[in-house]
1. If we count every other residue with Cβ under 12 angstrom of VAL55's Cβ, Lys/Arg +1 and Asp/Glu -1, where does the sum land?
2. What does the accessible area per residue of the chain come to in Å², with a 1.4 Å probe and no ligands, DNA or RNA counted?
3. Taking H as built 1.01 Å from N, whose amide H comes closer than 5 Å to the amide H of LEU112, not counting residues under 5 places away?
4. Counting only helical runs of four or more DSSP H residues, what would the 222 nm mean residue ellipticity of the chain come to if each run contributes -39,500 (n - 2.57) and the total is spread over all its residues?
5. With θ set to phi - 60°, apply the Karplus curve 6.51 cos²θ - 1.76 cosθ + 1.60 along the stretch 122-139 and write out the HN-Hα couplings as whole Hz, x wherever there is a Gly or Pro.
6. Over the chain, what per residue volume does the convex hull of the Cα atoms give, in whole Å³?
7. Which of the listed residues, THR54, ALA135, ALA74, is farthest toward the dipole's positive end in the chain, when Lys, Arg count +1 and Asp, Glu count -1 at the beta-carbon?
8. Which one, VAL121, VAL38, VAL26, has the greatest fluctuation when you compute a Gaussian network model over the chain with C-alpha springs under 10 angstrom?
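The values are calculated or read from the model by the stated rules, or taken from the named source; none is laboratory data. Nothing here was measured: the structure is a model prediction, and the numbers come from that model. Using ideal geometry, Cβ is built from the backbone for each residue, glycine included, and neighbour counts are taken over all protein chains shown. For accessibility, only protein heavy atoms count, side chains too; no ligands or nucleic acids. Shrake-Rupley method; radii C 1.70, N 1.55, O 1.52, S 1.80 Å.
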Amino acid sequence: MSFRIHALPLGAFAPFFGMDESELDVRGVLRCRVDQPVGFPCRVSLRDAQPGETVLLLNYEHLPVTGPYQSRHAIYVREYAQEYRPEVNEIPEVLSSRLLSVRAFDASGMMLDADVVAGAVAARLIEHQLANPRADYLHLHNAKPGCYAARATRA
């Protein structure tokens with residue numbers, strides 16, 4: 001079964017780009033300078049920010065449903081990121097290089113299935129979970145810190 005990974009939309013974060021620290025602080029957003037090549041995965045560009053770049057660390061509601069699985073968590077967005085749209089069945093390196101938690105949800109936001117997998121072999125698990133006709137979408141999370149990484153749907 002073919003799938004597509006979805007980055008977060010640039011428009012949700014562009015208003016923060018270029019704001020000064022006091023404007024960001026009021027909104028609960030931190031600007032961080034990246035100091036290592038791995039550890040700052042951008043949810044818009046779906047790549048790791050590189051040393052010297054700036055990222056915004058903010059709380060994001062990635063599962064805005066009414067119910068028990070409603071969820072939000074901290075994420076990074078590269079300042080002035082360009083939105084990335086992966087090809088069908090492509091798992092970007094920012095995901096393939098990490099341990100992932102893959103969670104299937106139905107259209108009402110109820111979790112149907114969840115498992116942990118090495119990102120390099122995540123395609124099989126994504127296909128398996130999307131084969132469930134009740135699954136509407138998947139959420140991929142970085143398993144160790146637990147933060148939201150991307151969404152997957154049938155292509």
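1. That sum, taken over residues with Cβ under 12 Å, equals +1.
2. Accessible area per residue: 50 Å².
3. ALA104, PHE105, ASP106
4. Theoretical 222 nm ellipticity from helices: -3000 deg cm²/dmol.
5. Coupling constants for the stretch 122-139: 5, 3, 4, 5, 4, 4, 4, 5, 6, 5, 5, x, 7, 6, 9, 6, 10, 10 Hz.
6. 106 Å³
7. ALA135
8. The residue with the greatest mean-square fluctuation here is VAL26.
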